[in-house]
1. Which one is nearest to L139 (Cα to Cα), of the residues in the stretch 210-228 that are within 20 Å of the chain's Cα centre (by Cα) and of a type outside the set (A, V, I, L, M)?
2. Could you tell me which of the residues L211, L172, L197 is touching a Pro at 6+ places or on another chain (Cβ under 8 Å) and closer than 21 Å to L246 by Cα?
3. Here are some residues: R165, R183. Which one is surrounded by fewer than 18 Cβ atoms within 10 Å (Cβ to Cβ) and without any contact (Cβ under 8 Å) to a residue 60 or more places away in the chain?
4. Pick out the one residue from A210, A196, A224 that is in the same structural domain as L127 (by TED's automatic domain parsing), away from the ligand (no atom under 16 Å from the Cβ), surrounded by 17 or more Cβ atoms within 10 Å (Cβ to Cβ) and under 25 Å from I12 (Cα atoms).
5. Within the stretch 122-155, count every residue that is part of a loop (DSSP other than H, G, I, E, B), free of Cβ contacts under 8 Å to residues at least 40 places away in the same chain and under 15 Å from the mean Cα position of the chain (by Cα).
Amino acid sequence: MSESYAAQGVNIRHHALGEADRIISVFTREHGIVRAVAKGVKKPTSRLGGRMELLHCNTLMFRRGRSLDIILTAETVRSFGGLRLDFDRLAFALYLAEVVNGLLPVGHPQPVVYDLFVSTLAMLETLERPELVALWFQLQLLTELGHHVGLTACHGCQRPIEPQRHGVGFQLSLGAIVCPDCRFGRPDVRELMPAALTLLRQLRHGGIQALVDITEPVTVALGAQRVLGDYFATLAEREIKSLRILLDQAAV
Ligand SMILES: [Zn+2]
């Protein structure tokens, strides 16, 4: 194993390590998630400096360490600065970063997911409806990770569920919808409003074009987001903290 290695990656999490250092979780294209130390990054003279901010995309050199690797150099590929100009866009991007960090194992390359994540950050910067971009990404991510979310028929009785059916639930432990009869007595079911179910179906089947075509109001997207967010927390077996910030802010 060589001493040092190169990768391209996006910073998806960081926390302080002593006075001047930070541990950064970098989602890299070549090595999956890498947890590494950015030494002296909080000093004004640091050469890493702003490139270690969250959501910044860099070409990096790492040196292997005993427990954590060390970030030697970083060159900006893309800063995604546009995300910082709008609270909603930034909140959705940080939420997606937390989801990726929660679901992907460390050190396991996922180049398709990486490319999807980077192109989603670019869309969040520019497209009109960040809440739809975020939902679209989450559905793509679930498919890429092998979670076949059931949105067509009831998981209990297998009967197809009509788009306008009220009382439909989403069972978190199954990742599937259940009809009003079958959801009875199941503990981990979230209400999924008809418009929110229709929206998720459109986003899954409509491709990127759906992001432009859909006219459902933000509240419908947030209803779907609330359910999907709880599903991700179930999969990650931990709270997705930025979901609450996202939903509180977007509800204003
Ligand atoms: Zn049923």
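1. Initial filter on the stretch 210-228 (within 20 Å of the chain's Cα centre (by Cα)): 210-211, 218-228.
Next, only the ones that are of a type outside the set (A, V, I, L, M) stay: 219, 223, 225-226.
Details: T219: 18, G223: 15, Q225: 11, R226: 14 Å.
The selected residue is Q225.
2. Selected residue: L197, the only one of L211, L172, L197 that is touching a Pro at 6+ places or on another chain (Cβ under 8 Å) and closer than 21 Å to L246 by Cα.
3. Details: R183 fails: surrounded by fewer than 18 Cβ atoms within 10 Å (Cβ to Cβ).
Sole residue among the options that is surrounded by fewer than 18 Cβ atoms within 10 Å (Cβ to Cβ) and without any contact (Cβ under 8 Å) to a residue 60 or more places away in the chain: R165.
4. Every option except A224 fails the conditions.
5. Within the stretch 122-155, residues that are part of a loop (DSSP other than H, G, I, E, B), free of Cβ contacts under 8 Å to residues at least 40 places away in the same chain and under 15 Å from the mean Cα position of the chain (by Cα) number 0.
Let's see how each residue does on (1) at pLDDT below 95; (2) within 16 Å of the ligand (Cβ to nearest atom); (3) outside the structural domain of L94 (by TED's automatic domain parsing); (4) over 30 Å from A122 (Cβ atoms):
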{"residue": "R159", "(1), (2), (3), (4)": "no, yes, no, yes"}
{"residue": "Q171", "(1), (2), (3), (4)": "no, yes, no, yes"}
{"residue": "R186", "(1), (2), (3), (4)": "yes, yes, no, yes"}
{"residue": "R204", "(1), (2), (3), (4)": "yes, no, no, no"}
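The values are calculated or read from the model by the stated rules, or taken from the named source; none is laboratory data. Remember, it's a predicted structure, so these values are computed and weren't measured experimentally. Cβ sites come from the backbone with ideal geometry, for glycine too, and all protein chains shown count toward neighbours.
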